[in-house]
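Only the coordinates and a few stated rules stand behind these numbers; no lab work does. Note that this is a predicted model, so its numbers are computed, not measured. Neighbour counts are summed over all protein chains in view; Cβ atoms, including those assigned to glycine, are modelled from backbone coordinates with ideal geometry.
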Amino acid sequence: MLKKIFSWPFACAALLTLICSLAGSYLATLPYLKVIGALVIALLLGMVMQVGRPVLDYSRPGIGLIANKFLRLGIILLGFKLNLIALAQAGIKTIALAVVVVTFTILVTYQLARRFGVDRHLAILTASGTGICGAAAVMGISSQLTSDDDPATKLRHQENEVVAVAIVAILGTLFTLIEIGLKPLLHMTALQFGVMTGGSLHEIAHAVAAGSAGGPVSLDTAIITKLSRVLLLAPVAILVGIWYQKTTRQANPTGEKQPVPIPWFMLGFILASVAGTFIPGLAALVPSLVKLAYLLLGMAMAALGMNVNFSVLFTRGKNALVAAGISSVLLLILVATLSKTFF
């Protein structure tokens, strides 16, 4: 590992992905790009980097390392964003809503995708990204879906990651605009509108963009509601990993039995949220740690974009996009109804 890190290919890959991540963070502050989010922009910039194919070929070992290890470290640091006291103060209704939303969305999206002929791996990634927290959920869940050492299978899974991220980015942006447009027609209080946006939109950036349209109360509520869904990333990753291994063994009973995946980086995610909440000395550092988390996640997303096959976005992703689109409509109806009824 250390030999790979202290090498010129890794240094080159780190520089390229860092440029994409920093550029994504800057571009995400601009009015019309804010709704897309820094991670998705970093992914797109990584795809653009493919024009420099000789440089990417030289950096390939480092790109793979960044996509894998930096992703895990970024998710661990993202845990500092979760203030457990604030989530607890939001009340049992908010947590219960998050559980209902995540469970409903993952099950419905997955079942629809499978009925439309989407392969199991892409279906669960799309469902997780739609139900939990967009790109970070796609990558976090993907790390739990272990595959064999076949290079073709690994490449297909990497392509599925990009397709799933693209789907949640497209739908998240679209539904952000839809919910902002629906606001005057729904006659919701600021609290209800915040619950709806935080409970139904895909990325944190989407919830912030839509929630801010309802004012400060709506924005704060949208963030808390969205973070309640983010909190479920760790337990869902464990459950999905166990389920995926079980169904894989059923599909191939003669294959070698794989151990139940233990997402140690998800444990770090939980410990980071506990530390950020209860250790007073860390409070001042939390904003910087969260920025570092997004920087590392942006580098991982850029590395992923550097390996993507563009054709899969227009072939393999069509049915998954339709399935996620239908489930997003159903999710919006469900959360809007629950918001009006219980908040």
**Message:** Among the listed pairs LYS81/LYS291; LYS81/LYS246; LYS34/LYS291; LYS34/LYS226, which have their C-alpha atoms separated by more than 21 angstrom in this model?
**Reply:** LYS81/LYS246
**Förster radius 45 Å - calculated FRET efficiency between THR337 and THR29 (Cβ-Cβ, nearest 0.05)** = 0.85
**Message:** Rounded to whole Å, give me the distance from the Cα center of region 101-153 to that of region 163-191.
**Reply:** 21
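Calculate, for VAL274 and LEU107, the FRET efficiency according to 1/(1 + (r/R0)^6) with r their C-beta to C-beta distance and R0 22 Å; round to the nearest 0.05.
Details: r = 29 Å, r/R0 = 1.32.
After rounding, the FRET efficiency stands at 0.15.
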**Request:** Give the peptides 331-342, 274-285, 191-202 in descending order of average Cβ contacts within 10 Å, highest first.
**Result:** 191-202, 331-342, 274-285
**Isotropically averaged projected area of region 106-177, using the convex hull of Cα atoms (one quarter of hull area), nm²** = 4.7
**Prompt:** How do 98-108, 23-33 rank on mean C-beta neighbours within 10 Å, highest first?
**Reply:** 98-108, 23-33
**Item:** Rg followed by Dmax, in Å, when region 35-163 is reduced to its Cα trace
**Value:** 17.1, 54
**Prompt:** Using Cα pairs under 8 angstrom and six or more residues apart, how large is the relative contact order of the chain, in percent?
**Reply:** 33
**Request:** Would you please state the base-10 log of I(q)/I(0) at q = 0.13 1/Å for the chain, with intensities from the Debye formula using one equal scatterer on every alpha carbon?
**Result:** -0.98
**Cα point-scatterer Debye curve for region 12-54, base-10 log of I(q)/I(0) at q = 0.18 Å⁻¹** = -0.47
**Request:** Report P(r) for region 58-118: all Cα-Cα distances, bin width 10 Å, range 0 to the bin holding the largest distance, values in whole percent.
**Result:** 17, 22, 30, 25, 5, 0
**Asked** Given R₀ = 56 Å, FRET efficiency for ILE326-LEU285 by Cβ-Cβ distance, to 0.05?
**Response** 0.85
